[in-house]
Amino acid sequence: MALFPRTPRAARLPGDVVSRMERFGRFEFDPVGTDIDASDVWGELQAPFLPFAQSDPDGFARSLADAVLPAGGFALFGAARTMWNLVGSDFSSPAYDAVRMAALEFFRANGVPSNRLSADDWRFWQENRSEPWLVGRPRPSSDEARIAPLLPGELRRVAQITSAPDSNVVYVAAAHDGRFAAVVDARTSDTDPARGRFDWMSADTLDDLYGRIGDAFQTPVHWVADELRPFIPLPPARF
């Protein structure tokens, strides 16, 4: 039985729609971490749905919801992003909203931090749910934090974002005004491999700076210094 009533003119979706939505969802969530060729995404995973989506947006949303809601997983996110892409960012319907919320619930259940959501998805969650996204452990107190004092002129490495050789690296240092600063060492641009350093954030105390870095990360990145780890509130996501 269909979850949402169909219109007589609703076109049939291909039999492999769930697997296509699952692949597209994984690509949209982490394009670098998938084995999906970006050049194939439009032709294989989006363009075939365009005529149905544009000729009957509501029917398309209902049909897609009927297919992916029982399946769950990344197919939910792929379907939500497909509706967004092919129908439009201002589209709204009960079927689309149900798929979108189910995708967010899937991410939340698997520990995906809110900083991995788009601004629009985060706003949609806040407008429709009152409970917090995830609840992390409290920040350690100044007495509980075991942070070695910074030596004069010391630039202390505290995090590396990914395993890539050219990954961004985060350092902490004492600023000239008596405060403490987080400094990022990174490539100058995507096309220029030369590296440079820029100030990211600052705080009055070193433990407050660690707290701000932890709040920005939410979950552990590729490598985290032992003294920074207690300030990261959430465990790694489950995928």
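The values are calculated or read from the model by the stated rules, or taken from the named source; none is laboratory data. Just so it is clear, the model here is predicted, and its values are computed rather than measured. Virtual Cβ from ideal backbone geometry, glycine too; neighbours counted across all protein chains shown. Surface accessibility is based on the protein's heavy atoms, side chains included, excluding ligands, DNA and RNA. Shrake-Rupley method; radii C 1.70, N 1.55, O 1.52, S 1.80 Å.
Below is a table of values for the structure above.
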| item | result |
| --- | --- |
| Around Leu104: net Lys/Arg minus Asp/Glu count, Cβ-Cβ under 14 Å | -1 |
| Per residue accessible area of the chain, 1.4 Å probe, in Å² | 54 |
| Most positive-pole-ward Cα, Pro132, Met201, Pro94, against dipole of the chain from beta carbon charges | Pro94 |
| Cα-Cα separations in segment 102-239 greater than 24 Å, expressed as whole percent | 40 |
| Portion, in percent, of the accessible area of the chain that falls on carbon or sulfur, probe 1.4 Å | 52 |
| Net dipole in debye of segment 101-239 [+1 Lys, Arg Cβ; -1 Asp, Glu Cβ; about Cα centre; nearest 20] | 300 |
| Computed [θ] at 222 nm, deg cm²/dmol, the chain (DSSP H ≥ 4; -39,500 (n - 2.57); rounded to nearest 500) | -10500 deg cm²/dmol |
| On Cα atoms only, tilt of 119-128 relative to the major axis of the chain in degrees | 70 |
| Value of relative contact order over the chain, rounded to a whole percent, pairs C-alpha under 8 Å and six or more apart | 15 |
| Burial order of peptide ranges 70-76, 135-141 (average beta-carbon count within 10 Å, highest first) | 70-76, 135-141 |
